[in-house]
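Input: a single structure, listed below in structure tokens.
The values are calculated or read from the model by the stated rules, or taken from the named source; none is laboratory data. Everything numeric here is computed off the predicted structure, so don't read it as measured data. Please note: Cβ atoms are built from the backbone with ideal geometry, for glycine as well, and neighbour counts cover all protein chains shown.
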């Protein structure tokens, strides 16, 4: 580090000041602010909230919601109840119970998905870590209620929102996700087709083998009886 | 009873009360309170005599009171300053403790 | 027993007489009822006092709103604008809130003195308002000793602040009370001395006569107010600064310095007692500004002869509004001074300047007797300017203004 | 007459409190009340100027000074004061009661005092001022010198030994 | 003589000495208008002069460090926002910097520029708000604070657009930033930076020449350089005393070595210098911002290899420090190879700068204590963690 020092006066006026000059300067600034606040929006940037609302940035995030495809949240929910968000959530405000059938087999669907938004700190990590494009951050902020347990613990019914909602809220992100999912779907379809073809081939092969085996067995039996 | 007798009686009682306070109090500042009472008893007499004691074109009664008030103010200022000085030395304003000449 | 007999006069309806109209009407009505003369005059006194108290309580309510709005505007906000049209009902809402709050008396407090404190603060302010000449014909109590009465009554405020602070039985109020007492005692001196210059020049202690002595115009348009003379300028500036301190306004609001000692002597008060402090503070502000207007700004005199047709009391209140606005403006701008600076400022700066204004006034008086304005100005201006020169030198020596400190830059 | 009858008992009650109350601040405040009532009495007697001066000097300055020094010195507890009063109260009473009796005796012996009161003398401020600065001018001057000396002396007496450390010298 | 049992209990110093009966013991805080939150000072006053002062911390303790040791590395990121809640982005950066050092992650060029821009904007926010709070402590009726907040809101609007939140940004990631700059963001930022100089001029006109402010702040709260260095003081408070120590200069992190900026140094180190230094630093920040906005390249905003899920740094330890607006902000991390840090420690500038409070205050007035505390520029979220 070089110690190249040079001096620079901080103010603009001369060396000596008359006592009171600084006070008058202050009065001038505050007086100008007062007068200009009557006609310059910049000098009175107050937004009178319930009547007017500020423009919220489309990137604004508040509380999470769950995305579902199609019309019905019961069927279209993307969430597979994998629990990654539950694990990563810093304040641990997510609570998930996997849906299971009678045999105890996982259905890859949440039975309970609760987010306590009085604990949630809007960090967005759940949305970031979700591998299934299921959880996103909402932009709604007028959520004040008078009941901490009934109304601030959001269940599946209030968390689930359609992809249209997501599209409306954050078109850019939603489109990207849509395209990604579509691509993945197609890939999956292709993969499924390939797998089907493969399975078919395998089945054919198996059938063929079985046939051969049967023939062989028959031959053996034949030979045995001979 | 006429007014002058009333005010003189009041003034006498005020003076006696002041004396009582001066003698019985041990807090130096409260002794000053007693002194103020006594001074006021005297002032009250001056005004009463001026008011009911016959024509007094020279206004000597009120003027005396004026000077007396000024002196009382001076006395209070100096007295309290001395008490504060003593208090700084002894950490107390109990007159019984102020019995030695050196601090 | 003499019966009261008051005739109705059309002169009562002149704008100049409006503030006294209620008094006249009450006297007239009481006399109509055939009541004795002494009762008529008592009714008149009460109405007259009621008008003053009513006007200033109304102004208090208005000021509490205007202050918040002005401060808000300086700070680029709107201020209260929800209660009623432009927030006009905000004082009412505040009053309701204050009245319905719980009145808390701390356990260690001396309850009687705790109650007396706020009451004692309001009384002297109202009493002091009684002797001010608001208009040519509107002097509630035309006292010969008006000025002395004003200061004698004002002395009560100090005791009241002490009572409030001490009776709370807590530390911040105690500190606030100590600050308040030392501040008020120190600033009473420059206040009285600068008022003394005016008394010297007008030769009377009666406030209406002081106002009348400032009548007339130089060259036909320049009002002969005391402020526009050299001695009046220096005394007036000192009086204004001391006024701010006496009224405990920013930048001298140390007794209630909220960032240091919470709320000073008002810390342990709540509810209506707390509101009483505000009433007392604002009425005191009105009283002391009214006195300043009376002494230096020509009271109810109009600034230009062509405006003489407006009623005189209107001019008084216009001046009051301007002075109060300056108070607000200062409050919105300045930080608070420290206690030792406050005392030093009073004793080393204000009192010398105030004392200097007395000889200045004397010189002005004798020079003016010779009827020579120019000589008077030349003779007195040096005396007015000396303190500022000395102040400039001292200030620049003691403290380094923003412009003279040097800052280095390291790469 | 009526103000006199109302005010004198009040003055005496306040004075009793000032002389008797154990709590120093109460005593000082009662003194302020007593003195302001005396001021009111002066006004009622017709000495308006003196009354107002009494008010502003005693209430505005002396009482405040006393109260302020009480705050600074923070006096000992009330109990202590009470205990001591038993020791000092009786001698004090023994001194002040005879004085009171003596004063009363001399007063009522002067039968001239018990005659009808004179008319109210006029007191004009102008006359007061003129007398003050002509006949009493030496006294006024002496008073001015005294007060100046007192102001300077009290300021010197009460000056706090400077405690603020020098700002650290840093090169 | 001590009537408050809590006071007695929490500071044993108060009991010693018999002639201290006359001292007035006042507890400034935890509920007090000017302690910047829930800070408490047990002050002993002689009249109004401070004889002793004992700070009491911990009213806002949230167990940040221990919580972080039970969580994944990523999960601690949003908690760092809440340390110094005036400037969350520098906190993010300091933490990300430490983790990157621990795991040896390279940060792409564009992300570095984004970090510099956000950090310097944060410095503007902090110093502007400081001027407002400082004047508030001095008893000015909030005008300076409102002007400061008026400008701060504009920067917060930018942050909201960029990070999604006005204050709790949670923006940096290990190896970059969470998302790219939105469209048109740089233009808005440039406009803001250009409009900031006039605001600074106005503020300086409003404050710096004010005689009352000068009388209140000059020669108040100054300490010798050696004491400051021994006390570990960093940031504007140290530079105000004339010590050239700025981590951006002495231990350049990120890409700070590319920018042309200077380090303003004060003379005396009193409260006035501290205010002044912050104003000068804001001008330097504007210089950095102008260069960064001009030079920012296209590219990745996060290293392609950076892992969001299942991040496990190798075994080791690292101390990452940056020049936060309040001083040296450091994070010390020890990794045992698991997804959670083994040890997580914050070096908060507010806390360290506060340690010399008593030395600065003794012998001054109670009113000075308040402005000295203000001039240290603390945020209780960071002091108590």
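Go through (1) surrounded by 10 or more Cβ atoms within 10 Å (Cβ to Cβ); (2) without any contact (Cβ under 8 Å) to a residue 60 or more places away in the chain for residue A:144 and report which single condition fails.
The failed condition is (1).
Report yes if some residue within segment B:54-61 is at the interface with another protein chain (Cβ under 7 Å from one of its Cβ atoms) and out of contact with any helix residue (DSSP H, G or I) (no Cβ under 8 Å at 6 or more places or on another chain); otherwise report no.
Looking through segment B:54-61, at least one residue is at the interface with another protein chain (Cβ under 7 Å from one of its Cβ atoms) and out of contact with any helix residue (DSSP H, G or I) (no Cβ under 8 Å at 6 or more places or on another chain).
Matching residues to (1) more than 24 Å from residue C:67 (Cα to Cα); (2) at the interface with another protein chain (Cβ under 9 Å from one of its Cβ atoms); (3) part of a loop (DSSP other than H, G, I, E, B):
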{"residue": "C:325", "(1), (2), (3)": "no, no, no"}
{"residue": "C:336", "(1), (2), (3)": "no, yes, yes"}
{"residue": "C:357", "(1), (2), (3)": "yes, no, no"}
{"residue": "C:364", "(1), (2), (3)": "yes, no, no"}
{"residue": "C:380", "(1), (2), (3)": "yes, no, no"}
{"residue": "C:383", "(1), (2), (3)": "yes, no, no"}
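Can you confirm whether residue B:47 is crowded, with 23+ Cβ neighbours inside 10 Å and under 13 Å from the mean Cα position of the chain (by Cα)?
no
What's the number of the condition residue D:56 fails, among (1) crowded, with 22+ Cβ neighbours inside 10 Å; (2) part of a loop (DSSP other than H, G, I, E, B)?
(2)
Please determine whether any residue of segment C:42-58 is outside any helix (DSSP H, G or I), farther than 30 Å from residue D:23 by Cα and not assigned by TED's automatic domain parsing to the domain that holds residue C:250.
Our first condition is that a residue be outside any helix (DSSP H, G or I); within segment C:42-58, this holds for none.
For segment C:42-58, residues outside any helix (DSSP H, G or I), farther than 30 Å from residue D:23 by Cα and not assigned by TED's automatic domain parsing to the domain that holds residue C:250: absent.
Tell me yes or no: at least one residue of segment C:192-199 is modelled with pLDDT of 85 or more, touching a helix residue (DSSP H, G or I) at 6+ places or on another chain (Cβ under 8 Å), farther than 18 Å from residue C:363 by Cβ and buried (at least 18 other Cβ atoms within 10 Å of the Cβ).
For segment C:192-199, residues modelled with pLDDT of 85 or more, touching a helix residue (DSSP H, G or I) at 6+ places or on another chain (Cβ under 8 Å), farther than 18 Å from residue C:363 by Cβ and buried (at least 18 other Cβ atoms within 10 Å of the Cβ): present.
Restricting to segment B:9-38, count the residues that are outside any helix (DSSP H, G or I) and more than 7 Å from chain D (Cβ to nearest Cβ). Before you say what the answer is, go through the steps one by one.
Here is the first cut: in segment B:9-38, the ones outside any helix (DSSP H, G or I) are B:25-27.
Next cut, more than 7 Å from chain D (Cβ to nearest Cβ) only: B:25.
Final tally of qualifying residues: 1.
In this structure, is residue A:48 closer than 19 Å to residue E:170 by Cα, surrounded by fewer than 15 Cβ atoms within 10 Å (Cβ to Cβ), within 12 Å of another protein chain (Cβ to nearest Cβ) and out of contact with any helix residue (DSSP H, G or I) (no Cβ under 6 Å at 6 or more places or on another chain)?
no
In segment C:346-376, how many are surrounded by fewer than 22 Cβ atoms within 10 Å (Cβ to Cβ) and under 29 Å from the mean Cα position of the chain (by Cα)?
Summing the residues that are surrounded by fewer than 22 Cβ atoms within 10 Å (Cβ to Cβ) and under 29 Å from the mean Cα position of the chain (by Cα) in segment C:346-376 gives 12.
For segment C:160-254, give me every one of the helices (runs of 4 or more DSSP H) that falls completely inside it and has 2 or more residues that are more than 26 Å from residue C:137 (Cα to Cα), within 17 Å of the chain's Cα centre (by Cα) and in the same structural domain as residue C:115 (by TED's automatic domain parsing).
C:171-202, C:230-246
Would you check if there is a residue in segment E:42-57 being in a loop (DSSP other than H, G, I, E, B), in contact with a strand residue (DSSP E or B) (Cβ under 9 Å, 6 or more places away or on another chain) and at pLDDT 85 or above?
no
Take the residues in segment A:2-37 that are part of a loop (DSSP other than H, G, I, E, B), touching a helix residue (DSSP H, G or I) at 6+ places or on another chain (Cβ under 7 Å) and more than 9 Å from chain E (Cβ to nearest Cβ), then tell me which one is modelled with the highest pLDDT.
So, considering only residues that are part of a loop (DSSP other than H, G, I, E, B), touching a helix residue (DSSP H, G or I) at 6+ places or on another chain (Cβ under 7 Å) and more than 9 Å from chain E (Cβ to nearest Cβ), the one modelled with the highest pLDDT is A:37.
Kindly indicate whether any position in segment B:39-49 is at the interface with another protein chain (Cβ under 7 Å from one of its Cβ atoms) and not in a helix (DSSP H, G or I).
No: segment B:39-49 contains no residue that is at the interface with another protein chain (Cβ under 7 Å from one of its Cβ atoms) and not in a helix (DSSP H, G or I).
Can you tell me which residue among D:35, D:31, D:7 is within 10 Å of chain B (Cβ to nearest Cβ) and more than 16 Å from the chain's Cα centre (by Cα)?
Matching residue, one of D:35, D:31, D:7: D:7.
Report whether or not residue E:352 is surrounded by fewer than 24 Cβ atoms within 10 Å (Cβ to Cβ) and touching a residue at least 24 places away in the same chain (Cβ under 8 Å).
Numbers: surrounded by fewer than 24 Cβ atoms within 10 Å (Cβ to Cβ): yes; touching a residue at least 24 places away in the same chain (Cβ under 8 Å): yes.
For residue E:352, the condition - surrounded by fewer than 24 Cβ atoms within 10 Å (Cβ to Cβ) and touching a residue at least 24 places away in the same chain (Cβ under 8 Å) - is met.
Quick one: in segment E:284-302, of everything that is buried (at least 18 other Cβ atoms within 10 Å of the Cβ) and in contact with a strand residue (DSSP E or B) (Cβ under 8 Å, 6 or more places away or on another chain), which residue is modelled with the highest pLDDT?
Ranking the qualifying residues of segment E:284-302, first place goes to E:284.
Quick check: is even one residue across segment E:268-275 within 13 Å of chain C (Cβ to nearest Cβ), surrounded by 20 or more Cβ atoms within 10 Å (Cβ to Cβ) and at positive phi?
Within segment E:268-275, one or more residues are within 13 Å of chain C (Cβ to nearest Cβ), surrounded by 20 or more Cβ atoms within 10 Å (Cβ to Cβ) and at positive phi.
Which residue, of D:116, D:92, is exposed (fewer than 12 other Cβ atoms within 10 Å of the Cβ), modelled with pLDDT under 80 and facing chain B (nearest Cβ under 9 Å)?
Working: D:92 fails: exposed (fewer than 12 other Cβ atoms within 10 Å of the Cβ).
Every option except D:116 fails the conditions.
Can you find a residue that is farther than 30 Å from residue C:202 by Cα, outside the structural domain of residue C:255 (by TED's automatic domain parsing) and not in a helix (DSSP H, G or I) anywhere in segment C:66-75? Spell out how you get there, then give the answer.
First, the residues of segment C:66-75 that are farther than 30 Å from residue C:202 by Cα: C:66-75.
From what's left, outside the structural domain of residue C:255 (by TED's automatic domain parsing): C:66-75.
Keeping just the survivors that are not in a helix (DSSP H, G or I) gives C:75.
Looking for residues that are farther than 30 Å from residue C:202 by Cα, outside the structural domain of residue C:255 (by TED's automatic domain parsing) and not in a helix (DSSP H, G or I), one finds at least one in segment C:66-75, hence yes.
Quick grid of which residues meet (1) farther than 22 Å from residue E:64 by Cβ; (2) within 25 Å of the chain's Cα centre (by Cα):
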site	(1), (2)
E:292	yes, yes
E:299	yes, no
E:302	yes, no
E:306	yes, no
E:311	no, no
E:317	no, yes
E:322	no, yes
E:325	no, yes
E:331	no, yes
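Which condition number in (1) in a helix (DSSP H, G or I); (2) modelled with pLDDT under 80 is the one that residue D:76 fails?
Only one criterion is unmet by residue D:76, namely (1).
So for segment E:64-86 (the condition being away from chain A (no Cβ under 14 Å), within 26 Å of residue E:303 (Cα to Cα), buried (at least 20 other Cβ atoms within 10 Å of the Cβ) and under 19 Å from the mean Cα position of the chain (by Cα)), does at least one residue qualify?
Looking through segment E:64-86, none of the residues is away from chain A (no Cβ under 14 Å), within 26 Å of residue E:303 (Cα to Cα), buried (at least 20 other Cβ atoms within 10 Å of the Cβ) and under 19 Å from the mean Cα position of the chain (by Cα).
Do you know which residues across segment C:149-181 are free of Cβ contacts under 8 Å to residues at least 12 places away in the same chain and buried (at least 24 other Cβ atoms within 10 Å of the Cβ)?
If the condition is that a residue be free of Cβ contacts under 8 Å to residues at least 12 places away in the same chain and buried (at least 24 other Cβ atoms within 10 Å of the Cβ), then C:152 is the only one that fits.
I'd like to know if segment C:396-406 contains one or more residues that are more than 10 Å from every other protein chain (Cβ to nearest Cβ) and part of a helix (DSSP H, G or I). I'd like the intermediate steps shown before the answer.
Taking segment C:396-406 first, the residues more than 10 Å from every other protein chain (Cβ to nearest Cβ) are C:397.
Okay, now just the ones that are also part of a helix (DSSP H, G or I), so C:397.
Yes, some residue in segment C:396-406 is more than 10 Å from every other protein chain (Cβ to nearest Cβ) and part of a helix (DSSP H, G or I).
Just to be sure, is residue E:77 assigned by TED's automatic domain parsing to the domain that holds residue E:286, touching a helix residue (DSSP H, G or I) at 6+ places or on another chain (Cβ under 7 Å), in contact (Cβ under 8 Å) with a residue 60 or more places away in the chain and farther than 22 Å from residue E:328 by Cα? Break it down stepwise before answering.
Values: assigned by TED's automatic domain parsing to the domain that holds residue E:286: yes; touching a helix residue (DSSP H, G or I) at 6+ places or on another chain (Cβ under 7 Å): yes; in contact (Cβ under 8 Å) with a residue 60 or more places away in the chain: yes; farther than 22 Å from residue E:328 by Cα: no.
Considered against the rule, which asks whether it is assigned by TED's automatic domain parsing to the domain that holds residue E:286, touching a helix residue (DSSP H, G or I) at 6+ places or on another chain (Cβ under 7 Å), in contact (Cβ under 8 Å) with a residue 60 or more places away in the chain and farther than 22 Å from residue E:328 by Cα, residue E:77 comes out as no.
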